[in-house]
Structures are given as structure tokens and as C-alpha cells.
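Let me begin by presenting the structure, written as C-alpha cells, before commenting on it.
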There are 2 protein chains.
Amino acid sequence: MTAVETLTYPDPADALDLASRATDRDALVTLVGTCTVEYEGRAASSLGLGDRHVMLKPDGAALVHTDEGQQPVNWQPPGCEHSVSVDDGSLVVRSTRSSPEESLEVVFEMVAHAAAFDVTDSKDLALTGTEADLKDRILDEPALVESGFTPLATERETPAGAVDIYGEDAEGRTTVLELKRRRVGPDAVGQLGRYVDALKRDLHAETEVRGILVAPSVTDRARQLLAEKGLEFVSLEPP
Amino acid sequence: MTAVETLTYPDPADALDLASRATDRDALVTLVGTCTVEYEGRAASSLGLGDRHVMLKPDGAALVHTDEGQQPVNWQPPGCEHSVSVDDGSLVVRSTRSSPEESLEVVFEMVAHAAAFDVTDSKDLALTGTEADLKDRILDEPALVESGFTPLATERETPAGAVDIYGEDAEGRTTVLELKRRRVGPDAVGQLGRYVDALKRDLHAETEVRGILVAPSVTDRARQLLAEKGLEFVSLEPP
DNA sequence: GACTGGATTTCGAGT
DNA sequence: ACTCGAAGTCCAGTC
């Protein structure tokens, strides 16, 4: 973090100067003020006057935050081109991209604060408790699923997609596991069902294929669906 | 937007003063600086030293942004309690909630900028191009799906969940539509299949039930699944 | 509170 | 570029 540049209640011209220089040198820009926001692209939206926090990232991402919610009220993904200008005496931020064609326009009636930050980040997030961790746990100790279960492959391809864990049970029957790190609904059952059906077809006819959903818990509807499709459930959490 | 309060390269004590007063009066707080981040809750994560932008919203949401990506590298959902303190000479931000028990801790090695904003927002976002718009389009002009199609209900409940549009075709056959605003994969076919199966069961035995997926387009795998399940596809986009 | 499905989902991996 | 599925998904609506 080398430089910080800020302006409080700047003129549009001064805010423009700060913002355009900052985006040119790939700094992080924040603008807080009263503005309207228009978006058009995959969908289209219009947002009336209000106080918002606008962040322009050097990778092309743009975020418009209100005082509520974890999600931005409007945004643009990384890879966009930011442009800042003064139109009719108002500071205007445009962020656009092609494929798909999308544009975001923020028009400030008033800028309360403008800032530029030269940030650097190694970004080495270590996350645990994911589905991958659950997979490792099972591969380490397959008996957690069922005594005699033997994993043979992970991410095994089927015509319906890749199976999380592919193996066989104590009797040598083909057994596929679909893993979920948290409580699951009907969608996960559908997924497992597709894999089992595809494998049955692939391995030709009479081969019995067991499908086991491994997750901390399931909803009622999911349990019912499992029963209908002759699939099984084993309760297990990520470590 | 009444007040803006900012500090550049503040002492931890001054930053603490600004931040704690701001959270007390439900202002939006931003802190930019070099920090580490620890999270524990549904999962757990650890993030080493780097420059980040931290936002604390009055509704309890917390966001930690790096210079890259649309998504925050760490966060806390609305409803959390923010607390700011100075520990061992470092500014520390904690954001916690219960059910589920989750905590986020940001420890600043250096604060480059601290700010508080008293923002207000009516938040009247008008969004178009959604699935709801596609639904309206079909209800306005059912022939877009198929000549003779007659919608009878929307969100009709089945044992497998609510069907987007329920109706009958020119021959009086029960027909259910699953709508998607954009290109779809196998999951949407599974959804439609579940509704059709549930209705067949519900309406008792021999009743034929048609299932039509309405979306701009489908992937190959989805098309294959549709064929397997005897379901249909109509290409249509939101207005 | 739990459940269900949409979302301008985003993100990453594989092809 | 496209497909597919995970995600600490978030979020609204409903029960």
C-alpha cells in the first residue's frame, strides 16, 4: 500500500481528475455520493436517486453498494473497461464490456467522497470445510461411508457428467457417491440419479449400480425422492 | 447524505474512535489497509497479510474486498454484530452472528484510510429481463409457446414443488412449463421431470402430462436428457 | 425457523 | 468460448 489519495465533497472536475488518474495507474477507486444507476446487458435495471458506495477495481470489476445487503445493488464483472467523465456538470462512471455486451452507468448528483488506493494482495486464501475436504475425508477412511466400500476413482466421467467418487461395495457392486458439504434438497438427488442412470446404461444392462448421497442431512422432499429412485443416503460432514 | 468523516493513515486509536462512533450511529464504515482475515463458521478460512478494503454496513453485513474479483474474499451476512477494538496496538474488526455461529476477524497491521458515511437509500431497483418477465410474456401471448396452449395457473403446487406455468394444450392435455431466462443445462430438465412425474402420480395413472422447457436455448446434455424423459423444448427469451 | 428455487448468480476447472 | 457443478453462495417468497 503505497499511496492514498482522497477528496471530500469534491467538485465533479476534481473527482474526475482523481478517478481518471487512479484508473489509469490501476488503483482501486471508491466514490461515495448521491447517484442514479442504469444497467443494460444480460438483463436491464434502473435505480433512482440514492446514496451509494461505488468501487472500481483495477481488474475491471465495478460494484455499487447501498447501506443494506451483502450483495451489490448493481455491478459489473471483472474484465470491464471503466471510464469516468463529467457530463452536464455531473460526474459519470461508465463500465462496459462486450461478449456479452453490457454497460453500467452511474450518474452522481453529488460526490461526497472520492478516493484512490494503490493496493497489492498476494491473495492466498486457505479455505477448509469444502466438498473437497469431505472427499479427502472419505478417501482417507472409506468405512465412514460403509464398511467394505472401496473408492476406485474420483471425478470419473459418465455420459451425464463426472461422479464425485466411484467405487464398489463389499459385494463388489458398482457404487457411486455424490458429496455435498451441507444439507441438500431435491436437486442433489436429481444429480445422483442422473449419474446412476448413465452408469447403468454405460455398464450395460443388468449391472446393479448403487447411488449414495453423502451429506450432513437431507430435506424431507429429498429423502422421498431418494426412496423413489432407490438411492441411499449416508450422513457425513466435512472435517 | 449528511455527514462524511475520514482519516488518512490514522493511529489505531483514532481509527477506532471513528469506526466505533460510526457503527453506533448506523453509518457505513470503510477501512482500507494492510490486514489479515480469519473466518470461522459454516466453513473456515485464513487469509494472510495484504491490502484490502473492508466495508461495515449498518445492517450488519461486512465485506472484505481485494483488488480483484467481483466477490469479496471474505464477508459476513447482514444481521451480524460489528465490534471494533485495538488489540496489541492493532485495529481489529470483529463481526459475529449466531445461528449459525460465525465470526470474522480482521486485524490491521496498518490502516491507510478510515471513513464513515451517513447514507440513505430508497432502494427502488427496477429490474427487467428476469424469469418473471418471461412468465408475463407467455401469459400475455400463450401462442408463443404453442398454438392452442392455455395457461390455467402459475406456481401451481405439486408434491415436487411449484410449477412455473400449468395449463393445457389444444387437445386438452395437461401441460406444464418450466421457464428459464437463459440457456439451461441438465438441472432444469431434472426440475421439469420431477414436476411432470409428480403430476402424473397426482392426477392418477393414465393421464398424459406434457412437460415443456421454455428457455433461450439448451446445452447438448440437456437436450439429450429431454429426449430420454420425453420432455419438450421451446426457444423463447424474456422480452 | 426450514424449504425451495431464482440469480445480470460468480467462480473455477476441464475440454 | 462453452459446459458443468460448487459455493461460507445470497436472496425472496412461502409455509
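The values are calculated or read from the model by the stated rules, or taken from the named source; none is laboratory data. Here the structure is a predicted model, which is why all the values come from computation and not from measurement. Counting neighbours? That spans all protein chains shown, and the Cβs are built from the backbone with ideal geometry, glycine included. Areas reflect the complete protein model, heavy atoms only, side chains present, ligands, DNA and RNA absent. Shrake-Rupley method; radii C 1.70, N 1.55, O 1.52, S 1.80 Å.
Things to note:
- Set B:Arg21, B:Arg25, B:Arg97: member being within 16 Å of DNA strand C (Cβ to nearest atom) and either open to solvent by less than 10 Å² (accessible area, probe 1.4 Å) or over 21 Å from A:Val29 (Cα atoms) (or both): B:Arg97
- Extreme residue, nearest to the other protein chains (Cβ to nearest Cβ), among residues of the stretch B:127-164 that are polar (S, T, N, Q) and in contact with a strand residue (DSSP E or B) (Cβ under 9 Å, 6 or more places away or on another chain): B:Thr128
Matching residues to (1) in the same structural domain as A:Gln224 (by TED's automatic domain parsing); (2) farther than 30 Å from B:Val37 by Cα; (3) touching a strand residue (DSSP E or B) at 6+ places or on another chain (Cβ under 9 Å):
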{"residue": "A:Glu102", "(1), (2), (3)": "no, yes, yes"}
{"residue": "A:Leu125", "(1), (2), (3)": "no, no, yes"}
{"residue": "A:Arg183", "(1), (2), (3)": "yes, no, yes"}
{"residue": "A:Val189", "(1), (2), (3)": "yes, yes, yes"}
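- For A:Asp136: the one exception among (1) more than 27 Å from B:Glu102 (Cα to Cα); (2) more than 8 Å from DNA strand D (Cβ to nearest atom); (3) of a type in the set (Asp, Glu): (1)
- Verdict on A:Asp197 being surrounded by 14 or more Cβ atoms within 10 Å (Cβ to Cβ) and modelled with pLDDT of 95 or more: no
- Just one of the numbered conditions (1) small (Gly, Ala, Ser); (2) surrounded by 15 or more Cβ atoms within 10 Å (Cβ to Cβ); (3) closer than 23 Å to A:Asp197 by Cα is not true of B:Ala227: (2).
- Checked against (1) closer than 16 Å to A:Pro142 by Cβ; (2) touching a residue at least 24 places away in the same chain (Cβ under 8 Å); (3) assigned to a loop (DSSP other than H, G, I, E, B), A:Arg181 passes all but condition (1).
- Test: residue in the stretch A:124-131 that is more than 19 Å from A:Asp11 (Cα to Cα) and more than 20 Å from the chain's Cα centre (by Cα): no
- Test for B:Asp88: is it buried (at least 17 other Cβ atoms within 10 Å of the Cβ) and more than 13 Å from DNA strand D (Cβ to nearest atom): no
- Single residue of B:Asp118, B:Asp133, B:Asp59 found to be surrounded by 15 or more Cβ atoms within 10 Å (Cβ to Cβ) and touching an Asp or Glu at 6+ places or on another chain (Cβ under 6 Å): B:Asp59
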